[in-house]
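Everything on this sheet refers to the single structure shown next.
The values are calculated or read from the model by the stated rules, or taken from the named source; none is laboratory data. The structure displayed is predicted, hence computed values, not measured ones. Reconstructed Cβ throughout: ideal geometry from the backbone, glycine too, with neighbour counts over all protein chains shown.
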Amino acid sequence: MLLWTLLLACSGSDPGDTTTDDSEPVDTDTDTPLPTPTGDTAVTTDTDTDTGFVVVGGTAATAETGDTGGATLPPSACDLSVLATGPSAIAQISGIPTSEEFEFDALGFLVNVSDTNEAIMSTDRSGNTTLVAPYDSNEVAGTRFLPDGKLVFADEAGGSIIEVDMNDGSRSVLASGLVSPNSIAVNSAGEVFAAGYGEVVRIKVDGSVERILEISNTDFDGAAFSPDELSLYLNHDDGGTVGRIDFDASGNVVGFTGIIDLVSGGFGTSLDGATVDACGRYYVIDVAGGLFRVDPDTATVIEYADLGNAGFTTSIRFGSGVGGWERDHLYVMDRDGVLWDLTVDVEGALLPHL
């Protein structure tokens, strides 16, 4: 399994500093082979005392989920024994501008940055598209909304995170000088977490940038928060590892854990975008159309769907519940010109802008 090492940014950094903390990573050494999956599940919990991460500072205290602004469900609503192991229906939606990533806003629109059209686009469920603003970039990746409704996305080629006012299309740079930012997640406090090549950074509301994880030669993707915002899930796309950064109730990083290696375990070839349901399970799409559901608590995985004739699937989102984008549907972007629509029996984790 790929070694993942936790770094915490120096506590004495200047809060006004907008550059990343380039302190050296702490190295450990472990390489534990994963068991071969049996059937449609693979349990890969590491029982060794060496968990492959180093914690700098104290141990995480039990968090109060109500303090984080996230939404949770009672345990009975998340009983895996009564929930389906796949979608009840799969359909295709045409007429959506394609992109690597996308997000649903609070007004009933799918919003993305189309490399083909070199524009920020807003599209309703019927396929009616509006130009929000032109945007010329070689590669735009992670696309999310802040709690106030402003759009943020990762300009991977430019190494920056861009903020866009959806009312007039004006934009500004939240952070620059990042290393190929590929995926982003936003918490209820309005902080942006950007996962890129070899690093994960937190962009605070005051504009300062804190590097919270650094692992060389690792292309991070699939950033998504747990419903209580106490864990940020990530994947190493070609390496296949799914892991999580854990936070305490005050938002401090307290540890990093590698959960499961999907690719070595026989699930997928190259992981990409991801999302989390209201029960805290992590859904990640493979570029070849495989959709996998990981239960972080038990380190088990199932192949949730196989979009067998997919072209190039790069991102997945639960619907917003507005404008016909249903909360109990998963939508998968296929760069070959299709948006896949999967009917499921659980809703997505509630996002801060909804």
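A few remarks follow.
- Only listed residue being farther than 23 Å from GLU191 by Cα, in a loop (DSSP other than H, G, I, E, B), touching a Phe, Trp or Tyr at 6+ places or on another chain (Cβ under 7 Å) and not charged (D, E, K, R), chosen from PHE292, PHE267: PHE267
- If you go through the stretch 247-257 and keep only what is part of a strand (DSSP E or B) and either of a type in the set (D, E, K, R) or surrounded by 23 or more Cβ atoms within 10 Å (Cβ to Cβ) (or both), you end up with PHE247, VAL253, PHE256.
- Matching strands (runs of 3 or more DSSP E) fully within the stretch 302-354 where at least 2 residues are among the aliphatic types (A, V, I, L, M) and either at pLDDT 95 or above or under 17 Å from the mean Cα position of the chain (by Cα) (or both): 329-334, 338-343
- Check on ALA63, within 24 Å of ILE259 (Cβ to Cβ), at pLDDT 85 or above and of a type in the set (Gly, Ala, Ser): no
- Among the residues of this structure, THR143 does not count as one that is surrounded by 20 or more Cβ atoms within 10 Å (Cβ to Cβ), in a strand (DSSP E or B), of a type outside the set (Gly, Ala, Ser) and modelled with pLDDT under 95.
- Residue list for the stretch 97-156, filter: out of contact with any strand residue (DSSP E or B) (no Cβ under 7 Å at 6 or more places or on another chain) and either within 21 Å of GLY348 (Cα to Cα) or among the acidic types (Asp, Glu) (or both): ASP124, ASP136, GLU139, PRO147, ASP148, GLY149
- Pairs with Cβ under 8 Å, 6+ apart, first in the stretch 295-311 and among the aromatic types (Phe, Trp, Tyr), second in a loop (DSSP other than H, G, I, E, B): TYR304/THR85; TYR304/GLY86; TYR304/PRO87
- Filtered residue count, the stretch 185-198, keeping only those that are closer than 16 Å to ILE245 by Cβ and in a strand (DSSP E or B): 7
- Counted residues, the stretch 290-313 - those being among the hydroxyl-bearing types (Ser, Thr, Tyr) and surrounded by fewer than 22 Cβ atoms within 10 Å (Cβ to Cβ): 2
- Qualifying residue in the stretch 167-184 (condition: within 30 Å of THR298 (Cβ to Cβ) and assigned to a strand (DSSP E or B)): yes
- Residue that is nearest to ARG144 (Cα to Cα), among those in the stretch 270-289 that are part of a strand (DSSP E or B) and among the β-branched types (Val, Ile, Thr): THR275
- The residue pairs whose first member lies in the stretch 162-179 and is at positive phi, whose second member is hydrophobic (A, V, I, L, M, F, W, C) and surrounded by 15 or more Cβ atoms within 10 Å (Cβ to Cβ), and whose beta carbons are closer than 9 Å, counting only pairs six or more residues apart or on different chains, are GLY169/ILE120; GLY169/VAL132; GLY169/ALA133; GLY177/VAL209.
Okay, residues lined up against (1) touching a residue at least 40 places away in the same chain (Cβ under 8 Å); (2) within 17 Å of GLY348 (Cα to Cα); (3) acidic (Asp, Glu):
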{"residue": "SER216", "(1), (2), (3)": "yes, no, no"}
{"residue": "ASP221", "(1), (2), (3)": "yes, no, yes"}
{"residue": "ASP228", "(1), (2), (3)": "yes, yes, yes"}
{"residue": "HIS236", "(1), (2), (3)": "yes, no, no"}
{"residue": "GLY251", "(1), (2), (3)": "yes, no, no"}
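- The stretch 228-243, residues that are out of contact with any Asp or Glu (no Cβ under 7 Å at 6 or more places or on another chain) and surrounded by fewer than 23 Cβ atoms within 10 Å (Cβ to Cβ): ASP228, GLY239
- With respect to the conditions (1) more than 15 Å from the chain's Cα centre (by Cα); (2) within 22 Å of LEU339 (Cβ to Cβ), ASN252 lacks only one, and its number is (2).
- Here the condition is being surrounded by 23 or more Cβ atoms within 10 Å (Cβ to Cβ), touching a residue at least 12 places away in the same chain (Cβ under 8 Å) and either under 15 Å from the mean Cα position of the chain (by Cα) or within 17 Å of SER315 (Cα to Cα) (or both); of VAL209, VAL201, VAL287, it holds for VAL201 alone.
- Of the residues in the stretch 318-334, at least one is touching a residue at least 24 places away in the same chain (Cβ under 8 Å), closer than 20 Å to LEU230 by Cβ and surrounded by 23 or more Cβ atoms within 10 Å (Cβ to Cβ).
- Looking across the stretch 175-190, the residues that are under 17 Å from PHE153 (Cβ atoms) and either among the polar types (S, T, N, Q) or crowded, with 19+ Cβ neighbours inside 10 Å (or both) come down to ALA175, SER176, LEU178, SER180, PRO181, ASN182, SER183, ILE184, ALA185, VAL186, ASN187.
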